[in-house]
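Data first, discussion second: the structure below is written as structure tokens.
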Amino acid sequence: SGKRYRHGTTEASQATLASVSPVFAVMKFDKEGNTTYFEKKKTELYQELDLQARDLRFQHLMSIATRNNRIIMRMEFLKAVITPEFLLILDYRNLNLEHWLINELASQLAGEGQLVTYSLPFEFRAIEAILQYRISKLQGRLNTLQPQILETLEALVDPKLLSVDRSKLHILLQNGKSLSELETHLKVFKETILEILDEEELIEELCLSKWTDPQVFEEGTSGIDHAEEMELLLENYYRQAEDLANEARELRVLIDDSESIIFINLDSHRNVMMRLNLQLTMGTFSLSLFGLIGVAFGMNLESSLEEASYECCFYQIFWLMTGIMFLGSGLIWRRLLSFLGRHMEPPLSPHVPAALKKSQPAAGRVEIKHNLKAAAFGLSKSTLTSQ
């Protein structure tokens, strides 16, 4: 009776676990591009695909793995299982994928799109379509961020501004965070592809038809083995990701350089204000120094001037002392300015031959980048001159 009780308890627990198993919304594509929709529990799905439960966990941001002649792919939110006969897209709802799945993916798998691998087995087309979708999404993010960042930097680097617009800085901060996320996604994409390219066995495992129909993999249409075709396919998208990463890196360097320009600009205006304050201080010191003469004559002390018989003589002495005061104050102020100029002379700028000067690039984004970089050099030079 104890054994029967334990057996009944085990069956009840298994039934309970099966009932709480997650349910996948699945979209299925066959070789002709026909689409079917259905929902299936995770336990039933991995048993039907001859996989393990951990294979459908999708715990990484991006992954490409093979298991029992199946390819399990994860491209951020896109989850897919590829077999030699069909493609399964899991949990496609509420991810803005339905437009691409219905209007583009079905036709690409049927050979009506612009896929290079339309003459190769089905898994080649499925892998290329997913990689192409991922690269296009990353390219779209970069195309959205690049003009916003360039426009914001062009507004912030203006040397005429005495202060920095905080709203522009807030926009630049948000775009910088988005750019960092994009660089992370590109890095993960490249590392995932590179891990497969470094292992010849992994490349061969991606060729699923090799195990079901070996005759298909004797030679490709171009006389190249299909394993090499898979390698060339992965290298192509690795190169595209590398190009996007280089563009994102240029934007990052441009942001860092622009931050330096902003600080130099603010320091330049601060130096101008400090110089003006110093000049006013020197003028006040000069007037105060010779103002002691007026203070001396304004004291209630007797002198021979009170005994002057003619009023005109008194006025002559007054204007003479006043002139001496202003003349002396001006001479001292000029002397202090010359002393300040001698100790703050800018260094001579090096001569740049005309042959070494770069020509102006074409209009557009390249011109904006060049202008921002040129502004950094010019502003730093003017700052040294003012200092």
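In a shell of Cβ-Cβ distance under 14 Å around Y133, excluding Y133 itself, what net charge do Lys and Arg (+1) and Asp and Glu (-1) give?
Summing Lys/Arg as +1 and Asp/Glu as -1 gives +2.
Among M274, I255, L289, whose Cα sits farthest toward the positive end of the charge dipole of region 248-298 (+1 at Cβ of Lys/Arg, -1 at Cβ of Asp/Glu, about the Cα centre)?
Highest projection toward the positive end goes to L289.
Would you kindly state how much longer the chain becomes between E32 and Q148 on full extension, computed as 0.36 nm times their sequence separation minus their alpha carbon distance, in nm to one decimal? Before the final figure, lay out each step's value.
Details: separation 116, 0.36 × 116 = 41.76 nm, distance 4.18 nm.
Computed gain between E32 and Q148 is 37.6 nm.
Between S167 and D198, how many nm apart are label points set 7 Å from Cα along the C-beta direction?
4.9
Can you give me the C-alpha center-to-center distance between region 38-73 and region 119-153, rounded to a whole angstrom?
25
Anything over 22 Å Cα to Cα? Flag those among K41/K187; K41/K190; K137/K210; K41/K137; K137/K190, in the order listed.
K41/K187; K41/K190; K137/K210; K41/K137
Charges only on Cβ, +1 for Lys and Arg, -1 for Asp and Glu: so what's the dipole of region 15-74 about the Cα centre, in debye to the nearest 20?
Around 240 debye, computed over region 15-74.
Cβ neighbours within 10 Å, averaged per peptide: list 263-273, 70-80 in order, most packed at the top.
70-80, 263-273
Around M75, under 10 Å between beta carbons, what's the net of Lys plus Arg minus Asp minus Glu among the other residues?
Summing Lys and Arg as +1 and Asp and Glu as -1 gives +3.
Please report the base-10 log of the normalised intensity I(q)/I(0) for region 111-151, using a Debye sum with one equal scatterer per alpha carbon and no solvent, at each q in 0.24, 0.27, 0.32 (1/Å).
-0.75, -0.85, -1.00
Restricting to Cα pairs below 8 Å that are 6+ residues apart, what does the relative contact order work out to for region 61-101? Please round to a whole percent.
For region 61-101, the relative contact order is 25 percent.
Quick check on packing: order 324-331, 119-126 by the mean number of other C-beta atoms within 10 Å, highest mean leading.
119-126, 324-331
With the Cα gyration tensor of region 80-144 giving a ≥ b ≥ c as the square roots of its eigenvalues, does the rule (a/c under 1.5 for rounded; else a/b larger than b/c for prolate; else oblate) give rounded, prolate or oblate?
Here region 80-144 falls in the oblate category.
Could you order peptides 249-261, 42-54 by the average number of other Cβ atoms within 10 Å of their residues, highest first? Can you show the working numbers first?
Details: 249-261: 16.2, 42-54: 14.4.
Highest-to-lowest ranking by the protection proxy: 249-261, 42-54.
Throughout, read-outs are computed from the coordinates displayed, never taken from laboratory work. Remember, predicted model here, so these are calculated numbers, not experimental data. Note that each Cβ is placed from the backbone with ideal geometry, even for glycine, and that neighbours are counted across all protein chains shown.
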